[in-house]
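Have a look at the structure below, then the notes.
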Amino acid sequence: MAEEKTLKKVEKPKKLADPMEASIDPATQEMIARAQKLDIETVFDRAVTMKPCNIGMQGTCCKNCAMGPCRLPLPKAGIEGEDTRKGLCGATANTIAARNFARMVAAGSSAHSDHGRSVAEVFLSVARKETEDYTIKSPERLIQIAPYLGVAVTVEVDGETQDRDFDEIALEVAEKAINEWGKPEGELLYAKRAPKPLYERWKKLGVVPRNIDREIVEIMHRTHMGVDQDYKNIVKQCTRAALADGWGGAMIATDLQDVMFGAPTPLQSEANLGIMKEDHVNIIVHGHEPVLSEMIVAATQSKEMVEYARSKGAKGIQLGGICCTGNEILQRHGVPPAGNYLQQELAIITGACDAMVVDVQCVFQNLANVAKCFHTKLITTHPIARMEQDNVIHIEFDEHHAMEDANRIVTMAIDNFQNRGADVMIPKHKATQIAGFGVESIEYHLGGTFRGSYYTLNDNIINGRIRGVAGVVGCNNARVKHNEEHVTIIKELIKNDVLVLTTGCSGITLAMHGLLTPETAQVYCGPGLAEVCETVGIPPVLHMGSCVDNTRILLAATEVVKAGGLGNDICDAPLAGSAPEWMSEKAIAIGQYVVASGIYTVFGYHMPLDGAPEFKDYLYRELENIYGGMWDCEPDPVKHAHKMIAHIDKKRKALGIDKARDRVLMDMADRREMEAKFQQA
Ligand code: XCC
Ligand code: SF4
């Protein structure tokens, strides 16, 4: 019997993903099919063979001590009367779900903030003049952020105000920035960059972070067995750690990256696997920290390297990005992203990837298995992110000889070009995009006649041409049809005159599907938004960068409040947030800081909260009374967009600007009618 069973098992054909069901992107569909033909397994196949754990999905599995794991699924019939479910220690479903949620916030905040710390450390070497490979490309940004870190930019000399020595400012900024991670007293300095009422609210609630590391450590302590067993108190600490991320670690990362590598300005590029070139050396950089990839960009552009590539029979070097490392070099150098999170294996499956260089976060361990099937060199570069497989090469990157490391990596890729197999297949698909928007470029482009202020953006919101602003960000998730949620939600939003700001893999997705061009306005936008976009020549979806650059969205929201006419605080303005296909713990940290900053935030993919309905209700409803923003989850993309729009309209109504939209839309209809008549005549 037993034998028969095993036999049967072996005979059973392997379940594979249906490429058409797995993604809406033709390049991805083609590459999944190719992988299957070559018998190489990808995340898409694993997603159909491995089902998620039902109790984990509900958020109510606790393994915080060795008496567990204690599993508290919600009874099928629901709960009538008192909820008597408990873990061995008596922990309730609320406590367990809240602790699990908090640990996601801690992990997510630590990822962004550790990234920020690395950047701050490199900047300290720059300020101390210990490295020549990095410089200060944006002195303006440095001067701009210095006061927020309590660093004076002027000095008094004989009663006269003079500019302070620039090197001195740089050094003090570096020291003050690094201090934010572990200072023994005081509070997070950037908290005061938020609108005053928001800061005051945080202060009153006792959630202003003390320092970045401490808030994360405290989550780990509080969620240890037998410590914080009041879900509301746990959520309070989630807020404090998440704010330390959004208005701390991640914001410092963005700022100091801008200082060292330049603040992004709008530029044109492309996106999708089709950016790879058969006759070029293809190098893909993947991960999050731009510290190394900045050097790789420089190396691939150097004359020596290009000539070396030619000497090996290639026409040149094509660099491409995946995930947020990709976004970082896209927005500053126009390097095209080869794909988003779910396409990382596929870039290798083209057979044309001569080296994939990874740093931290969102890197599949399966890349090593896929790389084994091809000539691709998979190179890990970060001391905290190595892989166990023996085909992975580790070249540890050190900022003190950054250029040397980058040259070594690029040389390795070039040398590998000749080892390519005959079987190369690069999908043809790619799209053009405009990326590289920032707080200042929105100001500049939407500044209208009085350039240099958010007033014109506000004015267009007040007069109803722009209904509101949405931040749509975040990952892909193999449990969701690749790209579909992002694209559907965005189309629905812009159709309804909502201007969209995007970052992360969402940005890459929208680029791939051609939504990041000014021409998109005529095709997909409602009449109000279309008019604004056409007048100023911007896309209706503005790519603001990587995941840490969600802080740009916070600062843009702050500018909206400052410009006036849309309330006194972020929670008054017609704004909403969304992460359609989230998967990363960082998304939860981001969600929490966005909510705590006053913005209604809808996740598309399932949130692990169903096992604890009371805790879920607290996040989805109660938080609005505390922070002005709250969580929500809606997997249906059209409903998802309309929940955001409903919130935007609620805010418009509260501001008394709901009638303006009716007028604008009527005007437009009238005008079109007139134009039609005119044309007939
Ligand atoms: Fe990772 Fe930032 Fe998510 Fe993409 S979006 S899958 S976190 S790379 Ni931030
Ligand atoms: Fe179970 Fe409590 Fe231990 Fe969690 S902390 S595993 S609920 S005994």
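Carbon-plus-sulfur accessible fraction, region 283-322 (probe radius 1.4 Å, protein heavy atoms only): 48%.
Expected output is a single nm value to one decimal: the length gained when fully extending between Arg479 and Lys495, i.e. 0.36 nm times separation in residues minus the C-alpha distance. What is it? Numbers along the way, then the final one.
Details: separation 16, 0.36 × 16 = 5.76 nm, distance 2.68 nm.
3.1 nm is the gain from fully extending Arg479 to Lys495.
In region 513-556, which GluC sites (Glu not before Pro) fall in coil by DSSP and have 14 or fewer other Cβ atoms within 10 Å?
Here the sparse-neighbourhood loop sites are Glu519.
Beyond 25 Å, what percent of the Cα pairs of region 332-488 remain? Working shown, then result.
Numbers: 6122 of 12246 pairs.
Tail of the P(r) past 25 Å holds 50 percent of the pairs.
Between Ala66 and Val638, the modelled label-to-label distance comes to 5.5 nm, taking each label 7 Å out from Cα in the direction of the beta carbon. Site pair Ile79 and Lys12 shows an inter-label distance of 3.5 nm when each label is modelled 7 Å from Cα along Cα→Cβ. When the Cα atoms of region 304-384 are aligned to their principal axes, the ranges along those axes come out at 34, 33, 25 Å in descending order. Remark on Gly598: its backbone amide H falls under 5 Å from those of Gly629, a criterion applied only to residues 5 or more positions apart or on other chains, H modelled at 1.01 Å from N.
Quick one: plug the Kirkwood hydrodynamic radius of the chain (C-alpha pairs) into Stokes-Einstein at 4 °C, 1.567 mPa s, and report D in µm²/s. Working shown, then result.
Numbers: Rh = 26.1 Å.
Stokes-Einstein gives a translational diffusion coefficient of 50 µm²/s.
Evaluating kT/(6 pi eta Rh) at 10 °C and 1.306 mPa s, with the Kirkwood radius of region 507-587 over Cα pairs in the Stokes-Einstein relation, gives 109 µm² s⁻¹. Region 188-255 gives an Rg/Rh value of 1.00, both radii derived from C-alpha positions and Rh following Kirkwood.
Compute the length gained on full extension between Val217 and Lys277: take 0.36 nm times their separation in residues and subtract their Cα-Cα distance, giving the result in nm to one decimal. Kindly include the intermediate steps, with their values, before the conclusion.
Numbers: separation 60, 0.36 × 60 = 21.60 nm, distance 4.58 nm.
Extra length available between Val217 and Lys277 comes to 17.0 nm.
When the alpha carbon gyration tensor of region 626-672 is reduced to an equivalent ellipsoid, its three semi-axes come out at 27, 17, 4 angstrom, largest first. For region 256-318, the Kirkwood radius over C-alpha pairs fed into Stokes-Einstein at 4 °C and 1.567 mPa s yields D = 96 µm² per second. With a Förster radius of 30 Å applied to the C-beta separation of Glu622 and Asn54, the computed FRET efficiency comes to 0.65. Charges were assigned to the Cβ only: +1 to each Lys and Arg, -1 to each Asp and Glu. The resulting dipole of the chain about its Cα centre is roughly 2020 debye. When the Cα centres of region 292-331 and region 551-578 are compared, how far apart do they sit, in Å? Region 292-331 and region 551-578 have Cα centres separated by 38 Å.
Post the alpha-carbon centroid distance, region 46-61 to region 396-448, in whole angstrom. Measuring centre to centre over Cα atoms gives 35 Å.
Annotation: Cα Rg of region 1-160 relative to the compact-globule expectation 2.2 N^0.38 Å equals 1.83.
Region 442-590 gives an Rg/Rh value of 0.96, both radii derived from C-alpha positions and Rh following Kirkwood. In this structure the chain gives 40 Å² per residue of accessible area when probed at 1.4 Å with all protein chains present. Counting 0.36 nm for each residue step from Val227 to Glu519 and taking away their Cα separation leaves a gain of 99.6 nm. On a per residue basis, the convex hull of the C-alpha atoms belonging to region 143-268 measures out at 165 Å³. Summing Lys and Arg as +1 and Asp and Glu as -1 over all other residues whose Cβ lies under 13 Å from the Cβ of Arg71 gives a net charge of +3. With a simple spin-label model that places each label point 7 Å from the Cα along the Cα-to-Cβ direction, the separation between Glu396 and Gln144 comes to 3.6 nm.
If only the Cβ of Lys and Arg carry +1 and only the Cβ of Asp and Glu carry -1, the dipole of region 66-148 around its Cα centre is close to 260 debye.
The values are calculated or read from the model by the stated rules, or taken from the named source; none is laboratory data. Treat the numbers as computed from the prediction; the structure is a model and nothing was measured. Because the Cβ atoms are built from the backbone with ideal geometry, glycine has one as well, and the counts that use them run over all protein chains shown. With ligands, DNA and RNA removed, areas are computed over all heavy atoms of the protein, side chains included. Shrake-Rupley method; radii C 1.70, N 1.55, O 1.52, S 1.80 Å.
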